[in-house]
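Trainee: Next up is a structure, given as structure tokens.
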Protein chains: 2
Amino acid sequence: MAVVDHVDESIIELLTRDARMPFSEMARVLGRSTSLIKRRVEAMRESGVIPGFTIAADPSRFEGTEAVVEIFCRGNVSTTELRTLLGGLDGVVTAVSVAGAADAVVILRAPNNEALGEIVETLRASSRIERTRTSIVLDRLAH
Amino acid sequence: MAVVDHVDESIIELLTRDARMPFSEMARVLGRSTSLIKRRVEAMRESGVIPGFTIAADPSRFEGTEAVVEIFCRGNVSTTELRTLLGGLDGVVTAVSVAGAADAVVILRAPNNEALGEIVETLRASSRIERTRTSIVLDRLAH
DNA sequence: GCTGAAAGCCTTGACCC
DNA sequence: GGGTCAAGGCTTTCAGC
């Protein structure tokens, strides 16, 4: 199990805000040496704490549609099953299992409403899913 | 409106895969000069095509709690108001306004359940928000 | 609009505590 | 685990086309 201490947390915070920030600048901000920052980042990448660096919000939002889909399962469906179910699905931006009214919440993205509809159809076709509740994203408020 | 040509698209593709890729390397891959790459990236950041660079998937799975919060507003609340409301809030990973049952969906992250509770409390304190519906994230299924 | 070159900064890796 | 330092690479800027 990866252990993440206070320095690692600070690094993650900085990189989340700007993944291109130079190690040397992080070192200055955190009052540590550049090589330490480098080693920590490398260690976190290897252990999977930091899976990679990417563009903050996907530029595809300039075209296409997004939706938040709540998934209600039939009976008890394991996390593994959910993962398999969603793994083969196109357009999944984020998917989490939750404790609440729904069993899982998925954020989908597609080129247009029609394509989005097809993805939701695919989901509904599963015998393990009882119903879904879709909200179309109108606007991005943060991040 | 921002115009994105073929070079810009290639840059976005490379940066999506690795936001820390050096400009000089992108220049080699794309057969262009380093200065061109730099200027294009700067232009895209300014125009908002690239909002920023961050860590690919969030590290929260190692510590802390996440929650999906649906927000139901009192009467009509504009996107601008929602943005202001959520702008001052800690732990906001993603926030979108939606067409559906709720008015907005927010994904929150906090060090623990207590801190998460406080953030939701802050939200509820707003006179513009009628009620919220919180689902705690149990597991990350994708991304 | 794009390139190329020079100066300075950053990263890297070996070495030491 | 953490710091220092030198070599080489990267970024940045701007003259030139």
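Taken together, the values in this text are just the output of simple stated rules run on the coordinates, not laboratory data. These figures come from a predicted structure and were not determined experimentally. We place every Cβ from the backbone using ideal geometry, glycine too, and count neighbours over all the protein chains shown.
Trainee: Put +1 on the Cβ of every Lys and Arg and -1 on every Asp and Glu Cβ in the range A:34-143; which of A:99, A:67, A:82 then has its Cα farthest towards the positive end of the dipole?
Mentor: Selected residue: A:99.
Trainee: Here is a follow-up. Could you give me the ³J(HN,Hα) list for the range B:45-55, computed from phi with Karplus coefficients 6.51, -1.76, 1.60 and θ = phi - 60°, whole Hz, x at Gly and Pro?
Mentor: Working through the residues one at a time gives 5, 5, 7, x, 4, 10, x, x, 10, 8, 6 Hz.
Trainee: Which residues' amide hydrogens lie under 5 Å from the amide hydrogen of residue B:129, considering only partners 5 or more residues apart or on another chain, with H built in the peptide plane?
Mentor: HN-HN under 5 Å from residue B:129: B:74.
Trainee: I would also like to ask the following. Pick from B:54, B:34, B:94: which is most flexible by mean-square fluctuation in a GNM of chain B where alpha carbon atoms under 10 Å apart are linked?
Mentor: Of B:54, B:34, B:94, the Gaussian network model singles out B:34 as fluctuating most.
Trainee: Using a label point 7 angstrom from Cα along Cα-to-C-beta, what distances in nm, from shortest up, separate residue B:122 from the other copies?
Mentor: Between copies, matching label points for residue B:122 lie 3.8 nm apart.
Trainee: For a quick check: sort B:90, A:18, A:103 by the number of other beta carbons within 10 angstrom, fewest at the front.
Mentor: The most exposed by this proxy come first: B:90, A:18, A:103.
Trainee: Would you please state which residues of the range B:110-143 a label at residue A:72 would reach in this model, taking the label point 7 Å out along Cα→Cβ and a backbone N cut-off of under 18 Å?
Mentor: Only B:133-136 pass the distance filter.
Trainee: Another question, then. Calculate the dipole size of the range A:21-113 relative to its Cα centre from +1 charges on Lys and Arg beta carbons and -1 charges on Asp and Glu beta carbons; express the result in debye to the nearest 20. Before the final figure, lay out each step's value.
Mentor: Details: 10 positive and 10 negative charges, 115 e Å.
So the dipole magnitude of the range A:21-113 works out to roughly 560 debye.
Trainee: Give me a single rounded figure for A:89-98: the average over its residues of other chain Cβ atoms within 10 Å of their Cβ.
Mentor: Working: counts 1, 0, 0, 3, 3, 11, 5, 13, 7, 9.
Across the residues of A:89-98, the mean count of other-chain Cβ atoms within 10 Å is 5.
Trainee: What residue among A:29, A:125, A:110 has its Cα farthest toward the positive end of the dipole of chain A, where the charges are +1 on Lys, Arg and -1 on Asp, Glu, each on the Cβ?
Mentor: The listed residue farthest towards the positive side: A:29.
Trainee: Still on this structure, please answer the following. Arrange the following residues from fewest to most other Cβ atoms within 10 Å of their Cβ: A:106, A:7, A:98. Mind dumping the intermediate values first?
Mentor: Working: A:106 27, A:7 15, A:98 20.
So the ranking, lowest neighbour count to highest, is A:7, A:98, A:106.
Trainee: Moving to a separate point now. Distances from residue B:17 to the same position in the other copies: list them in nm, one decimal, shortest first, using label points 7 Å from Cα along Cα→Cβ.
Mentor: Listed shortest first, these distances are 3.0 nm.
Trainee: Here is a follow-up. Once you keep just the Cα pairs under 8 angstrom separated by 6 or more residues, what percentage relative contact order results for chain B?
Mentor: Once divided by the residue count of chain B, the mean separation gives 24 percent.
Trainee: Give me the inter-chain shielding for A:16-25: mean count of other chain Cβ atoms within 10 Å, whole number please. The partial results should precede the final answer.
Mentor: Values: counts 7, 4, 4, 9, 10, 2, 1, 0, 0, 0.
Mean partner shielding for this stretch: 4.
Trainee: So, one more: Quick one: which residues, 5+ away or cross-chain, put their amide H under 5 Å from the amide H of residue B:102? H built at 1.01 Å from N.
Mentor: none
Trainee: Quick one: Cα centre-to-centre distance for the range A:104-143 and the range B:98-143, in angstrom?
Mentor: 19 Å
Trainee: Hey, what number do you get for chain A at 222 nm if only DSSP H runs of n ≥ 4 count, each worth -39500 (n - 2.57), divided across all residues, to the nearest 500? Spell out each step's value before the answer.
Mentor: Details: 5 runs with 56 residues, N = 143.
The helix-only estimate for chain A comes to -12000 deg cm²/dmol at 222 nm.
Trainee: Related question: Please compute the average number of Cβ atoms from other chains found within 10 Å of each residue's Cβ in peptide B:34-47.
Mentor: 0
Trainee: Related question: How far, in nm to one decimal, is residue B:101 from itself in the other copies if the label point is set 7 angstrom along Cα toward Cβ? Shortest first, please.
Mentor: Its label point is 0.2 nm from the equivalent points in the other copies.
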